[in-house]
Amino acid sequence: MLFRPSVLLLLPLLGLTQCIMQGEGAYPVDPMPDATQTGANTAGCLVDGLPWVASSNIPKIGPGNIPAVMASWNNFSVGRPNHLSLRFLKAIADEAQVHNQTRINLELPGITRPGTFVLDQTAVYPYPAYARFTFSKPNPDQELLTGPGSPGRVVVTRFDTLSRVASGTFEVTAREGAGGTTVRVTEGRFDCTF
């Protein structure tokens, strides 16, 4: 295939345009994780249409980094239900990203097997299933919650207490207080160990 000279002159400009669009020194955007069920410790979604992938390269006190994906399962035996708590963190060195220093929490009480959890109740004790989206910067934290006027849904596709793996999908509309800031989370997926 032969290229015209004018096309050959445009190719370097396309590369330059790509560098400008990403910005000098900009960090690459992580691709959305695959929807797996293996305990890969991944989570991602779209937040107001922008890709959001759980990742952390902020060092904690002591060795290592703060984990980007954390899950815990409280298997209470007397009078209290099982409770799965999921926390996904985006804390990376690129301060220019609009959703840097944010986290998503999914709280699923009463879980015993895979299923759908509707997040449409007020998050008061004893806590129903709910989600929270938190902006950690600027200080203080800005927390947005699901509730009757801002629902969400989590579909747990794998809940394996022997292998300690939880996987699934989620979508959330979270709101700050009455009529405050709203965030829309879509195409969410998680695959983590607990």
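Bear in mind that the values in this text are calculations on the coordinates, not laboratory data. Not measured: the values here are computed from a predicted model. In this analysis, Cβ positions are derived from the backbone assuming ideal geometry, glycine residues included, and neighbour counts consider all displayed protein chains.
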Between the alpha-carbon centers of region 147-190 and region 38-54, tell me the distance in whole angstrom.
12
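Tally Lys/Arg at +1 and Asp/Glu at -1 over every other residue whose Cβ is under 9 Å from the Cβ of Arg153; what's the total? Before the final figure, lay out the partial values.
Values: positive: none; negative: Asp120, Glu171.
Summing Lys/Arg as +1 and Asp/Glu as -1 gives -2.
Add +1 for every Lys or Arg and -1 for every Asp or Glu among the other residues with Cβ under 15 Å from the Cβ of Leu86, and state the total. Don't skip to the answer; put the middle values down first.
Numbers: positive: Arg87, Lys90, Arg103, Arg132, Arg153, Arg158, Arg164, Arg189; negative: Glu107, Asp160, Glu171, Asp191.
Around Leu86, the surrounding residues sum to +4.
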Gyration tensor verdict on region 27-193 (Cα atoms; rounded if a/c is under 1.5, prolate if a/b is larger than b/c, oblate otherwise)
oblate
How much net charge surrounds Ala129 when only other residues with a Cβ under 13 Å from its Cβ are counted (Lys, Arg +1; Asp, Glu -1)?
0
Efficiency by 1/(1 + (r/R0)^6): what FRET value for Gln121 and Thr36, r their Cβ-Cβ distance, R0 = 30 Å, to the nearest 0.05?
0.50
Estimated distance in nm for a label pair at Asn65 and Asp160, the labels positioned 7 Å out from Cα along Cα-to-Cβ
2.6
